[in-house]
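Working notes, structure below.
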Amino acid sequence: MCCRSPYLAGMSERDVGLLSQSGHQTLDFLDIDPADLQELLGQGLRWSQIITLRHQDDSCVFLQDDRGCGVYANRPDGCMLYPYRFVFVPRDGDQIATHVDSVELLDRSVRIALGWDGGEPDFVPLMLRDMSCPGFTNAPLSPLSYRDLLESLWSVDACTNHAWPCERHAALA
Ligand code: SF4
């Protein structure tokens, strides 16, 4: 389950902004050393996934007693995407990129993977699935279904990049 350990939802800078604007104190919901926060927030956290939601008693601090999410309308993109998570591997590398300076390069890579644009991508977009998700019992995806899923998940994730602006993030655009 995305709200319980060992899964930790990664936070983008926009996710942090949404929760802060709704009245939550940043350090109360982030699992991070306060000394590192400002430096990391200035680095564009969308893809780094190095800040995660704080857990307390093996559960997200926003998980309520009735198992509902206490910040459902403003929950991070990582929670919306669960059990999937985007990662990017440089085309000429063999390790997941932990930080990318240009979000446009990632957008371009996904557009090429979806067949919307031509050319050679700088990154290979991959969707990882949390195999421990109890609600996931479907058969493996066909290549066409995988492509459709990539497109729909990317539209959720990329709305933070102004490519698919959404009402949810409009206040932070
Ligand atoms: S923010 Fe909500 S949906 Fe996300 S992990 Fe916490 S309780 Fe679950």
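Read-outs throughout are calculated quantities, based only on the coordinates presented, and are distinct from any laboratory measurement. As the structure is a computational prediction, the values presented were derived from the model and not from experiment. Every residue, glycine among them, receives a Cβ derived from its backbone with ideal geometry; neighbour counts consider all protein chains shown.
Using a/c under 1.5 as the rounded threshold, could you call the range 1-40 rounded, prolate or oblate? The axes a ≥ b ≥ c are square roots of the C-alpha gyration tensor eigenvalues, and prolate needs a/b larger than b/c, oblate otherwise. It is oblate, given that a/c is not under 1.5 and a/b is not larger than b/c.
With a ≥ b ≥ c taken as the square roots of the eigenvalues of the C-alpha gyration tensor of the range 54-151, please select rounded if a/c is under 1.5 and otherwise prolate if a/b is larger than b/c or oblate if it is not? Verdict is prolate for the range 54-151.
Summing charges over neighbours of F62, with a neighbour being any other residue whose Cβ is under 15 Å away from its Cβ, gives -4 when K and R count +1 and D and E count -1.
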